[in-house]
Amino acid sequence: MLLDPNHYDPAHLDDETRRLLRATVDWFEARGKRQLIADAQDKVWYTEFLDFVKQEKLFATFCTPSSVDGTKRWDAARNAAFSEVLGFYGLQYWYAWQVTVLGLGPIWMSSNEEAKQKAATLLDSGAVFAFGLSEKEHGADVYSTDMIVTPTENGYTATGGKYYIGNGNVAGMVSVFGKLADSDEYVFFAVDSRHENFHLVKNVVDSQMFVSEFRLDDYPLTDADILHRGPDAFSAALNTVNVGKFNLCTASIGICEHSFYEAITHAHNRILYGNPVTDFPHVRQNFVDAYARLTAMKLFADRSVDYFRSAGENDRRYLLFNPITKMKVTSEGEQVIDLLWDVIAAKGFEKDTYFTRATADIRALPKLEGTVHVNLALVLKFMPNYLFNPKSYDEVPTRHDATDDDFFWHQGPARGLGKIQFHDWEPIYREHAHLPNVKLFHEQAEAIKTLLTKAAPDEAQQKDLDFLLNLGHLFTLVVYGQLVLEQAKITGTDDSVLDQIFDVLVRDFAGYATALHGKASSTEAQQQWAIGQIRKPHADQDRFNAVWQQVEALSGRYEMRP
Ligand SMILES: Cc1cc2nc3c(=O)[nH]c(=O)nc-3n(C[C@H](O)[C@H](O)[C@H](O)COP(=O)(O)OP(=O)(O)OC[C@H]3O[C@@H](n4cnc5c(N)ncnc54)[C@H](O)[C@@H]3O)c2cc1C
């Protein structure tokens, strides 16, 4: 189930992709754990890694659409595998790639062919890219940009500051979001981080990665640098984040996998009072829960890829699954690390472990590219149609085919989310009703419909985001369970593991129901409903033991080369 570098071969992908992914794993293993950790501690800029990227044309191969260069393709299935590998070895390395993905988004979405060709040439020569959306004073409120583009006789000049912009120290092209001074229209344009009017102020974070603050002072632009104007510029910002934010879940998975090996190998070999630590029942429970959560993360993420790659004008279901990969899968990653850390305790602080870095890195992913709140607010828009107004679609198959995902660059206006319909979520639950915890969870999930019809949020609650976000968490669990089951069916996931996953989900649902009960504004009817959702998962020692055996077998399975 876990990525194992000793036997890594993503057989579902084409030969050249397999070679490149394997080469990436080999590069990290050859560099070795000591060097990787020392570089992170000393905050060394990753020149050798970027040299390797350049030599293998890694970012160029994975990040150029075939519409720009027919010998390459943008393929979300292999990008997911790449993201997981990078997360497995270090979030800093992943971040250099991730902000390149984001920086390229507005370029590939543009009709500016000259800019596209320039970007493709730069990528081929080993350049990285950057995405300049955030500003120091405005956070999520990108509407209030103070990056001002002023028309001049020969073109334009741009003046303003950007904050938290990855790769701003070296990026070949930085896609920058701002406003036109004369019309107040939004605009996306490209700048060169080496230009004399591009002022690198500092690295905002204390890390190997460079999260820059920069200023443009009368930076000269021509039409050749303009990527988008008006509503298109705003859509390009959101649609780029749609493409990029999926990578956060696979990074989170990679971090959890590497940490899992370290944790189980340590705990299983540590003898306290004459017995392995893993003989404690609560320790086994932590490991089994962490394993179940991590498996669910992988199942959900894998199935989401199929919906992303099959998306089109008439099938925008990915817009719901995407924020859930971002918000839910990455939050689950935090839970996995917490469960493991509670067991390995002091070991998780040791400076020569991967784990100690993971404890900080795993926290980043739910917070970046839209916080948990922002993504939950997005998820809520889909709830009525998802629950009450399904539509039939052709079955979406597994999408590991070596094709280009051109729709990502033509997603269209980011409007009409509440109108998107979904295939009926209930049949897949019914198909798995032989698993007691799936059956139990399905009952809880159905009860959301009762809540929304019999004790719906009143007018005041509908304006109370605190109340609604809690409802969003409950709803998210239903969608999460649906795609977990779909992928489990496709891959033939073992019933013990699947039922154990739903043991966790039943408890999580009860937890959010309890939180709803406790909200200041919850009505009597809502409180009664919430109490009714506190269900005990079906306990089965044999099932638990079967999952534990899978966990135990991971002890000693992998240790990064020194
Ligand atoms: C390491 C790192 C790297 C980054 N890299 C980049 C990059 O390369 N390019 C780039 O452009 N940005 C980058 N960012 C910025 C990042 O995307 C923002 O931090 C993030 O979007 C949230 O903004 P904020 O942290 O300022 O929170 P704020 O916007 O200040 O939000 C504060 C609070 O308000 C809540 N909130 C705000 N709006 C809403 C809403 N609509 N609904 C519900 N709740 C809401 C938030 O959830 C949060 O709890 C990076 C940040 C970091 C730390």
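The values are calculated or read from the model by the stated rules, or taken from the named source; none is laboratory data. Everything numeric here is computed off the predicted structure, so don't read it as measured data. Because the Cβ atoms are built from the backbone with ideal geometry, glycine has one as well, and the counts that use them run over all protein chains shown. Heads up: the accessible areas ignore ligands, DNA and RNA and are worked out on the full protein's heavy atoms, side chains in. Shrake-Rupley method; radii C 1.70, N 1.55, O 1.52, S 1.80 Å.
Here are a few things to note about the model shown:
- Selection status of PHE82, buried (at least 24 other Cβ atoms within 10 Å of the Cβ), within 16 Å of the ligand (Cβ to nearest atom) and under 22 Å from TYR46 (Cβ atoms): no
- Test set (1) away from the ligand (no atom under 12 Å from the Cβ); (2) under 28 Å from THR100 (Cβ atoms) - LEU378 fails condition number: (1)
- Residue pairs meeting the criteria (Cβ under 7 Å; at least 6 apart or on separate chains; first farther than 17 Å from PRO537 by Cα, in segment 421-433; second of a type in the set (Gly, Ala, Ser) and at pLDDT 95 or above): HIS423/SER392
- Top-ranked residue of segment 342-384 - restricted to ones that are in contact with a helix residue (DSSP H, G or I) (Cβ under 6 Å, 6 or more places away or on another chain), among the charged types (D, E, K, R) and closer than 30 Å to ILE448 by Cα, ranked as least open to solvent (accessible area, probe 1.4 Å): GLU369
- Taking segment 257-360 and the helices (runs of 4 or more DSSP H) fully enclosed by it, the elements with 2 or more residues that are within 26 Å of GLN541 (Cα to Cα) are at 281-309, 330-344.
- ASP458 being over 21 Å from SER392 (Cβ atoms), in contact (Cβ under 8 Å) with a residue 24 or more places away in the chain and out of contact with any Cys (no Cβ under 8 Å at 6 or more places or on another chain): yes
- Under the condition of being farther than 17 Å from VAL374 by Cβ and either near the ligand (Cβ under 10 Å from one of its atoms) or touching a residue at least 40 places away in the same chain (Cβ under 8 Å) (or both), the residues counted in segment 112-144 number 20.
- Residue match in segment 251-264 (condition: open to solvent by 10 Å² or more (accessible area, probe 1.4 Å) and either outside the structural domain of ASN385 (by TED's automatic domain parsing) or under 29 Å from PHE188 (Cα atoms) (or both)): no
- Identity of the residue in segment 326-341, within 18 Å of the chain's Cα centre (by Cα) and within 16 Å of ASN286 (Cα to Cα), that ends up surrounded by the most Cβ atoms within 10 Å (Cβ to Cβ): GLY333
Yes or no, residue by residue, for (1) within 16 Å of the ligand (Cβ to nearest atom); (2) under 30 Å from ALA311 (Cβ atoms):
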residue: LEU200; (1), (2): yes, no
residue: ASP217; (1), (2): no, no
residue: LEU221; (1), (2): no, no
residue: GLY230; (1), (2): no, yes
